[in-house]
Amino acid sequence: MVLKIAFRNIFRQKRRTILTALAMIVGFTLSSVFIGWSDGAYGDIIAMFTRNRIGHIQVHSDGYLDKPSLYKTISDYSAVGEVIQTIPGVEAWTPRVFGAGLGSVGEKSTTVQIIGVDVARETETTQFDKKVIEGRILGDTFSHDIVIGKGLAKTLSATLGSEMVLFSQGADGSIANDVYTIVGILESGDDASDRVTCYLNLEDAQELLVLEGRIHEIVLTVSKISQVPKITKAIENRLNDSTLHVAPWQEVAKSFYRAMQADKQGDAIGRIVIMLIVAIGVLNTVLMSVLERTREYGVLKAVGTKPTQIFRLVLCEVAIISVGSICVGALLGVLANYLLSIYGITLPEEFTYGGVKFQTMYAEVNARSLIIPAITVLFSAMVVGLFPAIKAARIMPAKAMRTH
Amino acid sequence: MKQAKKNDVIVTQGVTKVYAADGIPVNALAEIDLTIRSGEFTALMGPSGSGKTTFLNIISGLDAPTKGKVWLSGRVLSDMSGNELSDFRRDNIGFIFQAYNLIPVLTVEENVEYIMLLQRVPKAERHERVTAMLEAVGLQGFADRNPTQLSGGQQQRVAIARAMVSEPAIILADEPTANLDSKTGAELLAMMNSLNLETGVTFVFSTHDPMVMESARRLITLRDGQIDTDETKYSG
Ligand SMILES: Nc1ncnc2c1ncn2[C@@H]1O[C@H](COP(=O)(O)OP(=O)(O)OP(=O)(O)O)[C@@H](O)[C@H]1O
Ligand SMILES: [Mg+2]
């Protein structure tokens, strides 16, 4: 009966219902687009940041991540790689060797970071080939080719074909130095890194640093980024080796991840704005309708309706409008996010986030962008609806009857 | 203290109501002692402001007296909690107000069955009783209409049907004919009278209408919140 009266009241006061619903629909849709869009943008940033650079998961010798050292190596990396490759969801893996040293071209020298890569695997995993913007990628084993970052090339005034001398320290304590030919210039998207990094063939790097078959890092990518935690666990279990540490991208790029989480707090502000829109819309219209129907509630109470039943009646009306509005809002939200996910919004100027450049931002259609606004709208409508509901429940029939 | 007898459905003792409007106390009722027995058909008369509405509100528990006690069917109203009072009204008192008695979003049938719904009377029985009651007030065929599609007199008849259908002990009506023309008002009173004779339900109603005096068998006149006259025309 309460439901029946509630429904009919909603249809009786069409204009008021539409106003209330409109506030809720606008609130819902805004919130949905806000979430869908920010998730989409952050998703894109994360995807590019991980896929092109740090990968989704990394494996190191235990302790390397906290305090990198030339001596913390993985020796039988092919075996580890083979195990990783068998885990479902893993796309590709690639080994890396790291070293620090001094690089000189002609008169100029600067400190450099040396990264030894398996060219074929690196290309497969992080699209190494696409980042070389001038010249060519490294040749196969023991080529004595070197690819240097764009910024580094500038610092050293190096051009393709120049000879570059690297000085470093080998793992056996010896002084290491060798001459390489610059065959390519690379742009990774992270300018800071491009100013110091040079790339060698894995074998060349191992020879220079006297590492003989050992590496520092295995980077791997997965087909679905959402499965990273699961796959991380799976790898840990399969390797079952306490000397190895498996880290998801969130751990590898801690500060990047934290900055992103902090930015996402912006969501909360959006949510408060939506709550306010809904709250004001609901309070206004529902309160008006309760005041207008004082006599009606008076009659209902006089004939024996309990205050709690009146209370439920008012909240029921609010709930019905909320659910209806959420359905309409969900349709609009999905539609808007879908369109934004295809066409995106192109910013007048590109911006850089975590060293990744962006210009067009795409939205994402996901469950979060529906569930969070739905809870927000329902919650704020019900909370605000409490006030008129209590008011209606407290109506004194004797007084209500006197107001004509 | 007076002891309520079995036949006394409404007993008041020293009922006083003081309103404090804008700080100025208004004595709406002063020390009313009254007993209404089962099956009586009683009219409350009196000039405007004499306290008729206030008295009806107090004996139905819609309003609390400033002083004094009310027994309804042997129970003291002031001893009941809010929810108890709601249930008590639902089961024992039928109301007919001056106007706007009906819930606009419910049909005639739904308005009449509303109280039985609160009482959880089974659907089939509800329907049966509503149909019989609508027939008794001459509204057969109007069950699916909306209140807005009825004349004032028809609406008041629906209100009577609603008040009577749950078979309460008492029906209270505050100027039930005030919004009707005299002919319709007379018809309505005649109907209330015959329902009273048929079912023995106790009727108490207030009125300004001198014509109503004709049909009432007990006539109580209020003046300035006090009982002025109280005459019973013939014992029933
Ligand atoms: N809520 C209230 N606040 C203050 N005074 C009130 C209130 N209700 C009634 N009164 C006063 O109490 C007195 C009795 O009012 P009541 O409504 O009972 O009279 P009545 O006999 O029903 O009058 P009418 O014939 O006009 O309906 C009046 O003087 C009125 O002004
Ligand atoms: Mg009155």
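The values are calculated or read from the model by the stated rules, or taken from the named source; none is laboratory data. All values reported here derive from a predicted model rather than from experimental measurement. Backbone-built Cβ (ideal geometry, glycine too); neighbour counts: all protein chains shown. What goes into the accessible areas is simple: the full protein's heavy atoms, side chains included, and nothing from ligands, DNA or RNA. Shrake-Rupley method; radii C 1.70, N 1.55, O 1.52, S 1.80 Å.
Accessible surface of B:HIS208, taken over heavy atoms with a 1.4 Å probe and every protein chain present, rounds to 90 Å². In the elastic network of chain A, a GNM with C-alpha springs shorter than 10 Å, the most mobile of A:GLY344, A:GLY161, A:GLY36 is A:GLY161. In the elastic network of chain A, a GNM with C-alpha springs shorter than 10 Å, the most mobile of A:VAL299, A:VAL365, A:VAL228 is A:VAL299.
Going down the table (A:LYS14/A:LYS391; A:LYS72/A:LYS108; A:LYS306/A:LYS399; A:LYS150/A:LYS264; A:LYS230/A:LYS264; A:LYS4/A:LYS306), which pairs top 28 Å between alpha carbons? Walk me through the numbers on the way to the answer.
Numbers: A:LYS14/A:LYS391 22 Å; A:LYS72/A:LYS108 31 Å; A:LYS306/A:LYS399 17 Å; A:LYS150/A:LYS264 32 Å; A:LYS230/A:LYS264 23 Å; A:LYS4/A:LYS306 17 Å.
Violating the 28 Å limit, Cα to Cα: A:LYS72/A:LYS108; A:LYS150/A:LYS264.
In this structure, B:ALA20 and A:LEU339 have a Cβ-Cβ separation that, at R0 = 56 Å, corresponds to a calculated FRET efficiency of about 0.30.
Report the extension gain between B:GLU135 and B:GLN119 in nm, rounded to one decimal, defined as 0.36 nm multiplied by the number of residues separating them, less their alpha carbon distance.
Numbers: separation 16, 0.36 × 16 = 5.76 nm, distance 2.20 nm.
Taking 0.36 nm per residue and subtracting the Cα distance, the gain is 3.6 nm.
The mean number of partner chain beta-carbon atoms within 10 angstrom of a residue's beta-carbon across peptide B:102-109 is 4. The alpha carbon centroids of the range B:188-236 and the range A:85-142 are separated by 105 Å. Remark: spin-label model distance B:MET213-A:ILE175 equals 13.3 nm, labels positioned 7 Å along the Cα→Cβ axis. The fraction of Cα-Cα pairs per 5 angstrom bin, counted from 0 for chain B, comes to 1, 7, 14, 18, 20, 17, 13, 8, 3, 1, 0 percent, rounded to whole percents.
Can you give me the Kirkwood hydrodynamic radius for the range A:63-241, using every pair of distinct Cα atoms, in Å to one decimal?
On the way: mean 1/r = 0.0593 Å⁻¹.
So the Kirkwood estimate lands at 16.9 Å.
Can you quote the Å³ per residue value for the convex hull of the Cα atoms in the protein assembly as shown, rounded to an integer?
Values: hull volume 151.7 nm³, N = 640.
In the protein assembly as shown, the Cα hull volume divided by residue count equals 237 Å³.
Modelled spin labels at A:PHE167 and B:LYS233, positioned 7 Å past Cα toward Cβ, are 12.8 nm from each other. What residues from the range B:160-181 fall in the zone where the backbone N is under 13 Å from a label point 7 Å along the Cα-to-C-beta line of B:SER151? Once the point is set 7 Å along Cα→Cβ of B:SER151, B:180-181 turn out to lie under 13 Å by backbone N, inside the range B:160-181.
Counting Cβ atoms of other protein chains within 10 Å of each residue's Cβ and taking the mean over peptide B:162-168 gives 1.
Take each residue of peptide A:295-302, count the partner chain Cβ atoms within 10 Å of its Cβ, and average: the result is 5. Relative to a virtual label point 7 Å from the Cα of A:ILE269 in the Cα→beta-carbon direction, which members of the range A:19-38 show backbone nitrogen distances below 15 Å? Within reach of a label on A:ILE269, which here means backbone N under 15 Å from a point 7 Å along Cα→Cβ, the range A:19-38 contributes A:34-35, A:38. Among the protein heavy atoms, those of A:PHE11 account for about 130 Å² of accessible surface (1.4 Å probe, every chain in place).
Given the whole protein assembly as supplied and a 1.4 Å probe, what does the accessible area of A:LEU244 come to in Å², nearest 10? Taking all protein chains as shown, A:LEU244 has close to 30 Å².
Helix B:108-118 versus the longest principal axis of chain B: what is the Cα-based angle in degrees, 0 to 90, to the nearest 10? The answer is roughly 60 degrees. The relative contact order of the range B:1-157 comes to 20 percent, based on Cα pairs under 8 Å that sit 6 or more residues apart.
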